[in-house]
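Engineer: The following block contains the structure, expressed as structure tokens.
Coordinate-derived values only; no laboratory data. None of these values were measured; they are calculated from a predicted model. Counting neighbours? That spans all protein chains shown, and the Cβs are built from the backbone with ideal geometry, glycine included.
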Amino acid sequence: MNRVTFRRRLTGENTPALARFLLGKYLVRRVNGRTISSMITEVEAYDGREDKASHAHRGKTKRNKVMFGPSGRWYVYLVYGMHYMVNVVTGPVDYPAAILIRGVLAVNGPGRVARHFHVGSGMNDKPINRSSGFYILDRGTRIRKASIYQGRRIGVQYAGRKWAGKPLRFFITEGIDG
DNA sequence: ACAAGGATACCT
DNA sequence: GGTATCCTTGTC
């Protein structure tokens, strides 16, 4: 996936479709003279203000304003006072949407993902490209549709039955040959 | 089962 | 300024 293709997908496709598309792509981090890389295995889509599970549901705030900005940037925030969540901002400007990266190969849980890649609030609003030292690569791994689980998102029960039950979480269940 | 932990959002 | 809540994890 070249840079232009990636950017077009971030803006052009709907966020749930893009979330699934990100499975099998590689997260790459260059920090302190070394490179950390791993395949994305689990993601969640947060799509628009209507989504009651999304930070954006209550409108634009200091924290979530990055979601309302241009796609192709990182949205990083702190939860529970100790864990950073790594999200890919998607959609057009003023349409708040993002994809939470919940897991990469051998690293399960969104808080662990951020720690693994040495990502904190400093990466918030930074571009997803080489200049920021944190980006996404397509290494040609194909994920069969039959190998993708689609189900409800985690930790959003407060959003109510309708939104908490939406099948907006995707993860690879088998057939990983990266 | 539950504490840790600090920012955030939404009150007064 | 107070406080309930939070897109979680590790240890109990």
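Engineer: Let me check I have the definition right: for segment A:23-166, take the eigenvalues of the Cα gyration tensor, multiply each by 5, take square roots. What are those semi-axes in whole Å, largest first?
Structural biologist: Values: eigenvalues 107, 71, 42 Å².
Each semi-axis is the square root of five times an eigenvalue, giving 23, 19, 14 Å.
Engineer: OK, next. Mind checking which lysines have their C-alpha under 20 Å from A:Lys145, skipping anything on the same chain fewer than 8 residues away?
Structural biologist: Those lysines meeting the cut-off are A:Lys25, A:Lys166.
Engineer: Can I ask one more? Leaving out same-chain residues fewer than 8 places away, which lysines sit with a Cα under 21 Å from that of A:Lys60?
Structural biologist: A:Lys52, A:Lys126
Engineer: Another one. So how do A:Ile143, A:Ile36 line up by other beta-carbon neighbours within 10 Å, fewest first? All intermediate terms of the calculation are to be shown ahead of the outcome.
Structural biologist: Details: A:Ile143 24, A:Ile36 16.
Ranked by crowding around the Cβ, least crowded first: A:Ile36, A:Ile143.
Engineer: Right, next: Most exposed first by the Cβ proxy, i.e. fewest other Cβ within 10 Å, how do A:Val28, A:Val79, A:Val119 rank?
Structural biologist: A:Val79, A:Val28, A:Val119
Engineer: Something else: As an exercise, identify the chymotrypsin sites (Phe, Trp or Tyr not before Pro) in segment A:49-158 lying in DSSP coil whose Cβ has no more than 16 other Cβ atoms within 10 Å.
Structural biologist: Working: sites: A:Phe68, A:Trp74, A:Tyr75, A:Tyr77, A:Tyr80, A:Tyr84, A:Phe117, A:Phe134, A:Tyr135, A:Tyr149, A:Tyr158; in loops: A:Tyr80, A:Phe117.
The qualifying sites are A:Tyr80.
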